[in-house]
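First the structure, in the form of structure tokens, and then the observations on it.
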Amino acid sequence: MDYFAPLSRRIKALMIDGLLIAFWLFLAIFVISKLGINNSKLESLLILFVVASIEPLLLSLTGSTVGQHLCGIRVRRIDSDKKLNIFLSTIRTLLKLPLGILSLATVSASKRHQGVHDFICRSIVVHKSPESAPVTERLKARVKDTDNYRYPSVIRRVFIIFLYLLISIVAVAILSALLMSESCFEGYSCSDIDGVINIGLSVLFYISVFVIIALAWQARLWGCRKRALKTEEGSS
């Protein structure tokens, strides 16, 4: 049986990897600058290549990044216990950061606790040694209660997600117009208070995106809720 890694461990591993990437970035800049390359674009490409290749190499060779090793989790293929190859590891790495909060939401709602990047690369994140992890962190696959509920289709859930996201964008725009000064809203000059309001609205928007996607995928959001099936006794 697969025991999936909880979101908290994945975020902790990501934070550790983020610190290490910052270190490797600084080191790559220092070393490459000493090579005497006079082409700034080439220097930038070399630095990005060095930093971006670390995670795919670690995943394909060991199954985990440094942060994942320290957190006791690993990435493997969904259909076997094998590690991802270098190609899939690279695709997964390139997709993970841009997808950001969308992947976090799908991890919280999908059957095998997968982010969008995991779906695309057909990978899962599991415990390296499930017996050493706390019982509350040994997550099993989520199971739909199809005997008692009718679930909305994936297409309907995706449509409702986009609808709610559109409403959220409009709501944030309206709040910005109401709360921020006119000069800041029009893009001229912003006060410190405008900056605080802007940060607050941004945080509120990202939280709403996370909640919308998670609830919709769990069929708990109005418009795509699961429906209780009538029992024979109740329908008679």
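The values are calculated or read from the model by the stated rules, or taken from the named source; none is laboratory data. What you are looking at is a predicted structure, and each value in this text was computed from that prediction instead of being measured. Note: ideal-geometry Cβ built from the backbone for every residue, glycine included; neighbour counts use all protein chains shown. Quick note on the areas: whole protein, heavy atoms, side chains included, nothing else; ligands and nucleic acids left out. Shrake-Rupley method; radii C 1.70, N 1.55, O 1.52, S 1.80 Å.
For segment 85-105, the tally of residues that are free of Cβ contacts under 8 Å to residues at least 12 places away in the same chain and closer than 14 Å to R122 by Cα stands at 1. Just name the residue that is nearest to the chain's Cα centre (by Cα) out of those in segment 52-72 that are hydrophobic (A, V, I, L, M, F, W, C) and surrounded by fewer than 17 Cβ atoms within 10 Å (Cβ to Cβ). So, considering only residues that are hydrophobic (A, V, I, L, M, F, W, C) and surrounded by fewer than 17 Cβ atoms within 10 Å (Cβ to Cβ), the one nearest to the chain's Cα centre (by Cα) is A52. Among the conditions (1) out of contact with any Phe, Trp or Tyr (no Cβ under 8 Å at 6 or more places or on another chain); (2) surrounded by 12 or more Cβ atoms within 10 Å (Cβ to Cβ); (3) more than 17 Å from L102 (Cβ to Cβ); (4) not hydroxyl-bearing (S, T, Y), I199 misses just one, which is (2).
Of a type in the set (F, W, Y) and at pLDDT 90 or above, is that true of W222? Step through it out loud before you land on a result.
Values: of a type in the set (F, W, Y): yes; at pLDDT 90 or above: yes.
Here the answer is yes, as W222 does meet what is asked.
Within segment 115-125, does at least one residue satisfy the condition of being farther than 29 Å from L215 by Cβ, charged (D, E, K, R) and within 19 Å of the chain's Cα centre (by Cα)?
The initial filter retains those residues of segment 115-125 that are farther than 29 Å from L215 by Cβ, namely none.
No, every residue in segment 115-125 fails to be farther than 29 Å from L215 by Cβ, charged (D, E, K, R) and within 19 Å of the chain's Cα centre (by Cα).
Here the condition is being in contact with a His (Cβ under 7 Å, 6 or more places away or on another chain) and not basic (K, R); of A133, A105, it holds for A133 alone. Of all the residues in segment 134-158, those that are surrounded by 12 or more Cβ atoms within 10 Å (Cβ to Cβ), closer than 29 Å to L94 by Cβ and either touching a residue at least 60 places away in the same chain (Cβ under 8 Å) or over 20 Å from the mean Cα position of the chain (by Cα) (or both) number 4.
Mind checking whether some residue in segment 85-107 is under 20 Å from D2 (Cβ atoms), of a type in the set (K, R) and assigned to a loop (DSSP other than H, G, I, E, B)? There is no residue in segment 85-107 that is under 20 Å from D2 (Cβ atoms), of a type in the set (K, R) and assigned to a loop (DSSP other than H, G, I, E, B).
Report yes if K12 is within 26 Å of K140 (Cα to Cα), open to solvent by 40 Å² or more (accessible area, probe 1.4 Å) and not in a loop (DSSP other than H, G, I, E, B), otherwise no. So that I can check it myself, show each step before the final result.
Details: within 26 Å of K140 (Cα to Cα): yes; open to solvent by 40 Å² or more (accessible area, probe 1.4 Å): yes; not in a loop (DSSP other than H, G, I, E, B): yes.
For K12, the condition - within 26 Å of K140 (Cα to Cα), open to solvent by 40 Å² or more (accessible area, probe 1.4 Å) and not in a loop (DSSP other than H, G, I, E, B) - is met.
Given the structure, is S183 hydroxyl-bearing (S, T, Y) and either open to solvent by 60 Å² or more (accessible area, probe 1.4 Å) or touching a residue at least 60 places away in the same chain (Cβ under 8 Å) (or both)? Taking the combined requirement at face value, the residue does not satisfy it. Taking interchain pairs and intrachain pairs at least six residues apart, which have beta carbon atoms under 6 angstrom, with the first residue in segment 198-213 and among the polar types (S, T, N, Q) and the second surrounded by 15 or more Cβ atoms within 10 Å (Cβ to Cβ)? From segment 198-213, the pairs are S208/S168.
Would you check if there is a residue in segment 219-231 being under 29 Å from I73 (Cα atoms) and either in contact (Cβ under 8 Å) with a residue 60 or more places away in the chain or surrounded by 11 or more Cβ atoms within 10 Å (Cβ to Cβ) (or both)? For segment 219-231, residues under 29 Å from I73 (Cα atoms) and either in contact (Cβ under 8 Å) with a residue 60 or more places away in the chain or surrounded by 11 or more Cβ atoms within 10 Å (Cβ to Cβ) (or both): present.
For (1) without any contact (Cβ under 8 Å) to a residue 12 or more places away in the chain; (2) within 30 Å of A109 (Cβ to Cβ); (3) part of a loop (DSSP other than H, G, I, E, B); (4) basic (K, R), each residue gets a yes or a no:
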| residue | (1), (2), (3), (4) |
| --- | --- |
| D2 | no, yes, yes, no |
| I32 | no, no, no, no |
| D79 | no, yes, yes, no |
| K83 | no, yes, yes, yes |
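Hey, can you tell me all the residues within segment 102-111 that are open to solvent by less than 50 Å² (accessible area, probe 1.4 Å) and within 10 Å of the chain's Cα centre (by Cα)? Matches in segment 102-111: S103, A105, T106, V107, S108. Of the residues making up segment 73-89, those that are touching a Leu at 6+ places or on another chain (Cβ under 9 Å) and open to solvent by less than 50 Å² (accessible area, probe 1.4 Å) are V75, R76, L84, L88, S89.
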